[in-house]
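Every read-out reported here was derived from the displayed coordinates using simple, explicitly stated rules and does not represent laboratory data. Quick caveat, the model's predicted, so the values are computed rather than measured. Cβ atoms come from the backbone with ideal geometry, glycine included; neighbour counts cover every protein chain shown.
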Amino acid sequence: MIFADTIANYWPQWLSWNVATPIFIFIVIVATIFFSRLADKLLQGYFKKASLKLRVDPTGYRLLRHLVVAAIYIVGLIVVISSVPQLRTLSVALFAGAGFAGIIIGFAAQSTLANIMSGISLAVFHPFRVGDIVTIHNEYGTISDLTLRHTVVVTWDNRRLIIPNSIMSEESIINWSIEDPTVIWPVNIGISYDSDIDLARSIMEAEARDHPNVMDHYEVSRIHLEVTEGSEVKVLLTELGDFAVNLRLMIWVRDRSLAYFTGCELMESIKKRFDVEGIEIPFPYRTILYKKDMHPSAVPKQEDEGPGTGAGTGAVTGVGTGGLHFQETSELSGDSGDPDE
């Protein structure tokens, strides 16, 4: 039975069906919007309570909620089409040529269908879940929602990234929360060649063990049985650079959200301890020597190039304009310790 024909039996005789049709379509549209929003609100509250009680992943629930809302809109669209004879005839013709129409619609909605299928795939295979901390496209954030078309990522500075599901399913994603949230975090610091490496190592390890966010051996060994006592915090000499001995402090933190700020706080506390203990962190400086202060044998003899040739400007001898001699002696060596930067 056609819905429109049934409704028409209850209309007064003086009111033609031509006027009743748009009124009926308007009522169907309003009802569709109302019931879709009502279903979304009810399902959202129910799934939230169910997730808290059963302790299950809410990612699938969110996608199911969006599917129910989409189904209500589809039913409303079918009712509207069936109530208009012209649209009804057109729909029958489209179904008759479904193969050709399907090809046209497939090409026209290729990206949309790809996002929908990718969204279903993400909800089924769970490469990430709602609430997981991820890094994608060099952006660090938390998965806040998964819809039929896109995934919402809230970045560390509270921006919302709306990423199509097809991109999320094809890109390589660093999931910091899946299975094991603990992270080994590096803190890189360079010291001068004149500094005591053993003293610098002991200072860095002591500051790390005193930090509340750094996991001790008992916490680490409960998750990673292979970690021996004393190796949960270690300092490695990673490079003998041109002007610095580069050390890397390796620490365990409970999750990625604490790692960066913990590394920054450790760099500050280690720098203060280095200042007290006399450990030097090299930085760029330049020595300036005046030509008149140099021994005559140390100054190369300049050839007479004749007037106007620029003789004595320091282009060959290394002596700068005005009789100054510049000499680079050292440079800064260090790292912020953030692998995402």
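For this structure, a couple of remarks:
- Each peptide in 173-184, 129-140 was scored by the mean count of other Cβ atoms within 10 Å over its residues; highest first, the order is 129-140, 173-184.
- Positive-end extreme of charge dipole, segment 137-292 - chosen from Thr142, Ser177, Leu161 (charges on Cβ): Leu161
- Interchain or long-range residues, amide H under 5 Å from Gly190's placed H: Leu247, Asp335
- Given R0 = 56 Å, the distance between the Cβ atoms of Asp145 and Asp196 translates into a calculated FRET efficiency of 0.60.
- Phi-derived couplings, Karplus 6.51 cos²θ - 1.76 cosθ + 1.60 at θ = phi - 60°, listed residue by residue for segment 241-256: x, 5, 10, 8, 9, 8, 10, 10, 8, 10, 10, 9, 10, 6, 7, 5 Hz, with x used for Gly and Pro.
- Computed over Cα pairs, the Kirkwood radius of segment 150-198 leads via Stokes-Einstein (1.567 mPa s, 4 °C) to a diffusion coefficient of 86 µm² per second.
- Per-residue HN-Hα couplings for segment 181-191 [Karplus 6.51, -1.76, 1.60; θ = phi - 60°; Hz; x = Gly/Pro]: x, 5, 9, 8, 10, x, 10, 9, 9, x, 10
- Added length on full extension, which subtracts the Cα-Cα distance from 0.36 nm per residue, Leu67 to Tyr218: 49.8 nm
- Along its first, second and third principal axes, ordered by size, segment 116-197 spans 62, 26, 20 Å in Cα coordinates.
- Taken about its Cα centre, segment 187-232 carries a charge dipole of about 140 debye when Lys and Arg each add +1 at the Cβ and Asp and Glu each add -1 at the Cβ.
- Across q = 0.09, 0.14, 0.16 Å⁻¹, segment 143-272 modelled as identical point scatterers on its alpha-carbon atoms has Debye log10 I(q)/I(0) values of -0.38, -0.76, -0.88, in the order of the q list.
- Here segment 209-279 is treated with +1 on each Lys and Arg Cβ and -1 on each Asp and Glu Cβ, and its dipole about the Cα centre works out to around 100 debye.
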